[in-house]
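Q: Sharing a structure with you now.
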Amino acid sequence: MKLGLRLFLRYGLTSVLATTLPNISAAPTSDRQAPTKVDSDQLRHDDKKSLTVFTGNVLLTKGSLVMRGDRLELLQLPDGSSRGVLIGSPAQIRQRRTAENEWMVGRAARIDYDSSTEVSILTGNAIMRRLAGETERDRIAGERLVYNSINETYQVEAGPAGDRATMAVMPRSPDASNSLPRTK
């Protein structure tokens, strides 16, 4: 093999791959590293307890995470993470998934969020939908719903009144990216 070809394969191909692969397979950056911003009509902060209470038209953003509600109690922890309890009529959450143009959108009477685990717990008539653009892919509902945005899993619990946990899986288009492998 000639020296020029060897050098290209060693250095040139590496450079080409290093500049093109990130553009092909880049996933959204983690919301964990994004700053948290909260807007509301009023806030009350207790520095000793590291607790802030936001009331009226609460809007929390952290990267692609957007939460809306009437009241938010946000506790800042010593490790830099935070835990929040959002109450609303309904409280709402929206967050981008790692799949391109997919979102998880939920609502409930209460949403508990832990930034260190990126787990959201929706309680009280909880509904969460997975959207591709604005097309609903599936919907889950129950009294209590736990969504882990790191591993993109959810769990639903039924209510004590005999309500059931439900899931609706919407039909997919027959293209290869959305269909399951065929069995023979």
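The values are calculated or read from the model by the stated rules, or taken from the named source; none is laboratory data. This is a predicted model, so every value here is computed, not measured. Backbone-built Cβ (ideal geometry, glycine too); neighbour counts: all protein chains shown.
Q: If I go through segment 36-52 residue by residue, how many of them are hydrophobic (A, V, I, L, M, F, W, C) and touching a Leu at 6+ places or on another chain (Cβ under 7 Å)? Walk me through it before giving the result.
A: Of all residues in segment 36-52, those hydrophobic (A, V, I, L, M, F, W, C) come to 38, 43, 51.
Next, from what is left, pick out any that are touching a Leu at 6+ places or on another chain (Cβ under 7 Å): 38, 51.
Adding up the residues that qualify gives 2.
Q: Specify the residue that is modelled with the lowest pLDDT; the eligible residues are those in segment 137-153 that are closer than 15 Å to Thr98 by Cβ and not in a loop (DSSP other than H, G, I, E, B).
A: My answer is Thr153.
Q: For segment 114-136, give me each residue that is closer than 22 Å to Arg172 by Cβ and assigned to a strand (DSSP E or B). Walk me through how you get there before you give the answer.
A: Step one: of segment 114-136, the residues closer than 22 Å to Arg172 by Cβ are 127-136.
Ile127, Met128, Arg129, Arg130, Leu131, Ala132, Thr135, Glu136, listed by residue number.
Q: OK, next. Taking the residues in segment 154-169 that are of a type outside the set (Gly, Ala, Ser) and not in a strand (DSSP E or B) as candidates, determine which candidate is farthest from Met128 (Cα to Cα).
A: Per the criteria, the residue is Pro160.
Q: Here is a list: Ser149, Ser82, Ser116, Ser120. Which entry is exposed (fewer than 13 other Cβ atoms within 10 Å of the Cβ), under 30 Å from Val53 (Cβ atoms) and hydroxyl-bearing (Ser, Thr, Tyr)?
A: It is Ser116.
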